[in-house]
């Protein structure tokens, strides 16, 4: 039995929601990464400033770029496990 039009619409809404979140998180990560690269290119003196012995601003910001990637990945995984998987399970239960 083929899926009904309303179930297809609900699945499309679920897919749109996932793509919107994935796009927003991707845009956020790109902004962080390319912002850091822009500082490397146009403000190397600022990045060379020492914050503590053995720690420059560039090293700290580079580490924060990595931490930001972890945090954004965690946000997506947490959302997928709590919201997306629930939405997909509901669709499967209600499918003919």
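Round to a whole angstrom and tell me the spacing of the C-alpha centers of region 75-93 and region 23-51.
Taking the Cα centre of each part, region 75-93 and region 23-51 sit 33 Å apart.
If each DSSP helix of 4+ residues adds -39,500 (n - 2.57) and the sum is divided by the residues in the chain, what number results at 222 nm, nearest 500 deg cm²/dmol?
Per the formula, -26500 deg cm²/dmol.
Angle, helix 57-79 long axis vs. longest principal axis of the chain, Cα atoms, 0 to 90°, nearest 10?
10 degrees
For 21, 64, what's the fewest-to-most ordering of other Cβ within 10 Å of each Cβ?
Numbers: 21 16, 64 13.
With the fewest neighbours first, 21, 64 line up as 64, 21.
Can you give the Kirkwood hydrodynamic radius for the chain, in Å, rounded to one decimal and based on Cα pairs?
Over the chain, the inverse of the mean reciprocal pair distance is 16.3 Å.
Rule-based calculations on the coordinates, nothing more; no lab input. The structure displayed is predicted, hence computed values, not measured ones. When we count neighbours, we look across all protein chains shown, and the Cβ atoms used for this are built from the backbone with ideal geometry, even at glycine.
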